[in-house]
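A short worksheet on the structure shown next.
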Amino acid sequence: MEKHNSTTNPPDNGCSDIILPSSGALEIPMTNDYLFRALLQRNNHVLQVLIQNLLHLPDGYITSVTITNPIVLGETIDAKTFILDINVLLNDNANINLEMQVINEKNWPERSLSYLCRNYDTLNHRDSYLNAKTAYQIGLLNFTLFETHPEFYASYKMMNEKSHQIYSDKLQLRVLDLTQIELATKEDKAYNIDYWARLFTAKTWEELNMLASEKDILKEASETVYSLSQEEKIRLQCLAREDYYRTQNDVRIFYQKQLDEKDAEIEALRQQKDSAIKDIMSQKDAEIEALKKQIENLKNKQ
């Protein structure tokens, strides 16, 4: 299958003269949700091509992508913008929700459904139901959602359980597992989704430079990311998110350690109980055996 890249001329995003660092670790990883939002909000062309690839759209299909919940980049995150999901209006006929999710909070199916239904339920009073816009929820996860069924890029729709008849195309869920790039299919690769995953999981400038040399759109994305990282207010917000991730991870590790200790205590008690039951049963068996011998001796004397 032929690879699909946007043929739209990219806008001037002020990145053409940027020279990326040649080496070293990224201070802010590309999985940082604030950086992810800043990249897509700052560079509409990158947003357009990413959506085109993720939704398997042909060249020329997209005429416009507009973020409908923009934030002021660099401002402190408050309660309203703490969850950095991105809402996009595609060609004025589809609503898309995108989110980069680093921490597995064990609620992604429910959370993504909430985003999806919110994006679908946008009809105004007396609008025809037929005019409801298609809604997509696309989660870029830095963990595996279903451990027993790992998949690089999964697509979900409503369908009949018996006949598999599609109920409607207007509600769709997509999940990109950034930890399972090796499971990318030929179709995933045909739409460069594996390249996007490699971009978002890159940890060094060497990796970004290699990707930038292979795909112009990834070069543009990398240059925008570098430009954003040089803006002090944006960089500080990204670092604040990294601190949040570390804190959340420390809390998770702390409670997991407590759970492990409790599990160990429960297992020790279970073993003690099993051992006590085994001892009691052995003692009873010995007593029964002794009684049998006494009975046998009495029979022999008679």
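The values are calculated or read from the model by the stated rules, or taken from the named source; none is laboratory data. Only a predicted model underlies this, so the values are computations on that prediction, with no experimental measurement involved. In this analysis, Cβ positions are derived from the backbone assuming ideal geometry, glycine residues included, and neighbour counts consider all displayed protein chains.
Pairs meeting the criteria (first residue in the range 205-226 and of a type in the set (A, V, I, L, M, F, W, C), second residue surrounded by fewer than 17 Cβ atoms within 10 Å (Cβ to Cβ), beta carbons under 7 Å, at least 6 apart or on different chains) are Trp205/Leu20; Trp205/Pro21; Trp205/Ser22; Trp205/Ser23; Trp205/Gly24; Leu208/Leu20; Ala212/Leu20; Ile217/Asn5.
Here is a yes/no grid of residues against (1) closer than 26 Å to Lys219 by Cα; (2) in a helix (DSSP H, G or I); (3) under 14 Å from the mean Cα position of the chain (by Cα):
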{"residue": "Leu40", "(1), (2), (3)": "yes, yes, no"}
{"residue": "Asp59", "(1), (2), (3)": "yes, no, no"}
{"residue": "Met100", "(1), (2), (3)": "yes, no, yes"}
{"residue": "Pro109", "(1), (2), (3)": "no, yes, yes"}
{"residue": "Ser114", "(1), (2), (3)": "no, yes, no"}
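The condition (being touching a residue at least 40 places away in the same chain (Cβ under 8 Å), loosely packed, with under 13 Cβ neighbours inside 10 Å and more than 15 Å from the chain's Cα centre (by Cα)) is satisfied by just one residue among Asn131, Asn160, Asn93: Asn93. The condition of being of a type in the set (Asp, Glu) and over 18 Å from Leu54 (Cα atoms) holds for only one of Glu151, Glu182, Glu99, Glu110, that being Glu110. Summed over the range 61-94, the residues that are under 15 Å from Leu140 (Cβ atoms) and not in a strand (DSSP E or B) give a count of 3.
Looking only at the range 219-232, filter to residues that are of a type in the set (D, E, K, R) and in a helix (DSSP H, G or I); which one of those is surrounded by the fewest Cβ atoms within 10 Å (Cβ to Cβ)? Please lay out each step first, then the result.
Taking the range 219-232 first, the residues of a type in the set (D, E, K, R) are 219-220, 223, 231-232.
Among the residues that remain, those that are also in a helix (DSSP H, G or I) are: 219-220, 223, 232.
Working: Lys219: 18, Glu220: 21, Glu223: 22, Glu232: 9.
This residue is Glu232.
Let me confirm something: among Leu236, Leu269, Leu183, which residue is within 20 Å of the chain's Cα centre (by Cα), of a type in the set (A, V, I, L, M), exposed (fewer than 15 other Cβ atoms within 10 Å of the Cβ) and on the phi < 0 side of the Ramachandran plot? The conditions single out Leu183.
Does Tyr136 meet the test of being in contact with a Leu (Cβ under 6 Å, 6 or more places away or on another chain), within 26 Å of Glu187 (Cα to Cα), surrounded by 12 or more Cβ atoms within 10 Å (Cβ to Cβ) and not hydrophobic (A, V, I, L, M, F, W, C)? Step through it out loud before you land on a result.
Working: in contact with a Leu (Cβ under 6 Å, 6 or more places away or on another chain): no; within 26 Å of Glu187 (Cα to Cα): yes; surrounded by 12 or more Cβ atoms within 10 Å (Cβ to Cβ): yes; not hydrophobic (A, V, I, L, M, F, W, C): yes.
Here the answer is no, as Tyr136 does not meet what is asked.
Flag: Gln180 matches the condition of being farther than 20 Å from Tyr34 by Cα, of a type outside the set (Phe, Trp, Tyr) and in contact with a Phe, Trp or Tyr (Cβ under 8 Å, 6 or more places away or on another chain).
Against the condition aromatic (Phe, Trp, Tyr), touching a residue at least 40 places away in the same chain (Cβ under 8 Å) and either closer than 26 Å to Arg42 by Cα or surrounded by 10 or more Cβ atoms within 10 Å (Cβ to Cβ) (or both), how does Tyr244 come out, does it pass?
Working: aromatic (Phe, Trp, Tyr): yes; touching a residue at least 40 places away in the same chain (Cβ under 8 Å): no; either closer than 26 Å to Arg42 by Cα or surrounded by 10 or more Cβ atoms within 10 Å (Cβ to Cβ) (or both): yes.
Spelling it out, it is not the case that Tyr244 is aromatic (Phe, Trp, Tyr), touching a residue at least 40 places away in the same chain (Cβ under 8 Å) and either closer than 26 Å to Arg42 by Cα or surrounded by 10 or more Cβ atoms within 10 Å (Cβ to Cβ) (or both).
Would you mind stating whether Glu207 is part of a helix (DSSP H, G or I) and in contact with a helix residue (DSSP H, G or I) (Cβ under 9 Å, 6 or more places away or on another chain)? Don't jump to the end; show me each part of the working.
Numbers: part of a helix (DSSP H, G or I): yes; in contact with a helix residue (DSSP H, G or I) (Cβ under 9 Å, 6 or more places away or on another chain): yes.
Here the answer is yes, as Glu207 does meet what is asked.
None of Arg174, Arg235 is in a strand (DSSP E or B) and in contact (Cβ under 8 Å) with a residue 60 or more places away in the chain except Arg174.
Please enumerate the residues belonging to the range 118-154 that are part of a loop (DSSP other than H, G, I, E, B) and charged (D, E, K, R). Write out each step before concluding.
Quick first cut of the range 118-154, residues part of a loop (DSSP other than H, G, I, E, B) only: 121-128, 132-133, 142-152.
Passing the criteria: Asp121, Arg126, Asp127, Lys133, Glu147, Glu151.
Residue pairs whose Cβ atoms lie under 8 Å apart, sitting 6 or more positions apart in sequence or on different chains, and linking a residue in the range 47-65 that is under 18 Å from Glu99 (Cβ atoms) to a partner that is of a type in the set (D, E, K, R) and surrounded by fewer than 21 Cβ atoms within 10 Å (Cβ to Cβ), are Leu54/Arg174; Leu55/Arg174. Tallying residues that are surrounded by 17 or more Cβ atoms within 10 Å (Cβ to Cβ) and either of a type outside the set (Val, Ile, Thr) or touching a strand residue (DSSP E or B) at 6+ places or on another chain (Cβ under 6 Å) (or both) within the range 52-79 yields 7.
So is Ala190 modelled with pLDDT of 95 or more and surrounded by fewer than 17 Cβ atoms within 10 Å (Cβ to Cβ) or not? Yes; evaluated as a whole, the condition is true for this residue.
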